[in-house]
Structure formats: C-alpha cells, structure tokens
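The values are calculated or read from the model by the stated rules, or taken from the named source; none is laboratory data. Just so you know, these numbers come straight off a predicted model, no measurement behind them. Quick reminder, even Gly has a Cβ in these numbers, built from the backbone with ideal geometry, and neighbours come from all protein chains shown. Areas reflect the complete protein model, heavy atoms only, side chains present, ligands, DNA and RNA absent. Shrake-Rupley method; radii C 1.70, N 1.55, O 1.52, S 1.80 Å.
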Amino acid sequence: MRYHTPSSFEDASAIAAAATGVTRFLAGGTDVLVQLRSDLVTPDDLIDIKRIAGVRDITRRDDGGWRIGAAASGVELAEHEALIAEWPGVVEALELIGSTQIQARCTLVGNLCNGSPAADSVPAMIAAGATVNVVSPEGAREIAVEDVPTGPGMTSLGPGEVVSAVNLPPRGEGGGDAYLRFIPRTEMDIAVVGAGVNLVREGETITAARVALGAVAPTVLLVEEARAALVGSTLDDSALAALAKAAEAACRPISDKRGTVEFRTHVAGVLTRRAAKIAYGRAGA
C-alpha cells in the first residue's frame, strides 16, 4: 500500500487519477480504517487529505452560507455556535454518528462518500439544499449532495475526483431544519429510518421546504411530494397527514433483521411528521 500526503486537492486528485488499483481517501478515517482492519478493502493507494491547508475550516461564504472543509469533524461542528444557530439539524445529524471518540474524527464528506443509504448526515444535508465542491484533473465543479450517492457503497464521483468541502446555503429569515432517526438501541447504531426536514415560513405559512429520507431506499431520497404537502400550509393536521402519506409512498425499503418493509414505511411517516414540527418551531423562534 502506498501512503500519500498531498498538499492540495489538485495534487490529491492527480494522485488518484494516476492510480491503477484500489484507491481510498483518508480524512476522518472512521469508515476507511474499519474497512482496512476488517480486510474488506486493502487500498493500493491511500491518500491522506488532512495536511491540505483549510481542510478543517468552517467559514462563512460570501453569499452568507457556509463552507465546511472535508476533514472538519463532528466535534468541530458541534462547537461552532454560529453554524448550529443556522443549521442545527445538519449538526445534530452528524452528532448522532458513533461515540465521543468517533465524533472527534467523523466528517460530513466521509459520511456522504461512504455511500450508505442509512448515513445520518446525508438526509439532513439534502434537506438543507447542501452542495459539495469536487476537484478533478479537469477542474472543479459544485454539485448537489443528492447527486453524489448512486447506490449502496457507490457514488457518482469519477476517477480522480475528490470532494474538498460541503456548502450550506444562506439560512435567511424564518428558516428551520431538523433531523430524526429511529434505531433499536439508545445510541451508537445505524438508522433503520432517518428523516430530514428543512423549511421556511412567513408568519404561520410555510413558503419553502425540502424533505429527505434515509435507510428506506438504495439511496437517500429527496421527496418532492412531501415538499408539496408542506408548502402553503400552516402545518395543521391535514398538512401533517399529507406529509406522512407522501413520505410513506416514497419508501422503497427492504426487510431485514433491523426492520420489515411495513415497519420502515410506517416509521418514515412518523419521523417526517415529528421532524417537520421541530423544524417549524425553529423557523418561528
């Protein structure tokens, strides 16, 4: 195994593009190192991006949004009061991953690029309308988070492409978000269902919304019908019922030892309702 410590994302991309075997990027390492120890993956090239300048920075963008470096950890997000004030759901979702020790290492980008349909931070990022910066030998581009995962353990990133940062949009007035999950244990488990809701309200009326579901399909879902159920409502009982129905209808889960199709589908509706109530309350605070 060849271990690389590039000084820029352009160098990291060039190394990955030239590699001919199995390649992995190392930021927090909470997925890669587990795969190594379990003999699931033995990379020919391991590219450690932690020495790249600014890779752990959390900064305000010119448009009022946020840029979160690819190696910014859960602990660093949880200690950033301004980010939490604007995007509490995104931060809370990342905080649900693993133990205190894992929190010191896990990252939004790693959680996304691992390609798990049950990743906690991904529904929250998609609901927020987050994008990622991607560096490749051909240059840089910005793509929506929902366009990255393509299936369990798979992403749309091509050879030599590496994610350098996550971008959260400007929060604006009257906005709120929330993420909830169901797990069999009290902590340190994988989501059986996850639901992220982000909305904007003017007075009592919801004027914009995004809803995302995790662990109920091969990839995290952005549910347009759930958005439509919210926009124009005051989150009354009829809107909540329509929201739950839309969430349930979008589900394409499997039955396994963690939950049946019927159970996951029902829980998706319940969690989406609850997350919407939390987001609505935060938007009015």
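Observations, loosely collected:
- When restricted to residues that are within 29 Å of Asp189 (Cα to Cα) and surrounded by 13 or more Cβ atoms within 10 Å (Cβ to Cβ), segment 230-259 contains 16.
- Condition check for Glu262: surrounded by 16 or more Cβ atoms within 10 Å (Cβ to Cβ), acidic (Asp, Glu) and outside any strand (DSSP E or B): no
- Residues that are among the β-branched types (Val, Ile, Thr) and surrounded by fewer than 21 Cβ atoms within 10 Å (Cβ to Cβ), drawn from segment 131-156: Ile143, Thr150, Thr155
- Screening Arg227 against (1) open to solvent by less than 50 Å² (accessible area, probe 1.4 Å); (2) free of Cβ contacts under 8 Å to residues at least 60 places away in the same chain; (3) not polar (S, T, N, Q) leaves a single unmet condition, (1).
- Output for segment 1-17, where each listed residue is in contact (Cβ under 8 Å) with a residue 60 or more places away in the chain, among the aliphatic types (A, V, I, L, M) and open to solvent by 20 Å² or more (accessible area, probe 1.4 Å): Ala14, Ala17
- Per this entry, Arg181 is not counted among residues that are open to solvent by 30 Å² or more (accessible area, probe 1.4 Å), touching a residue at least 60 places away in the same chain (Cβ under 8 Å) and assigned by TED's automatic domain parsing to the domain that holds Gly269.
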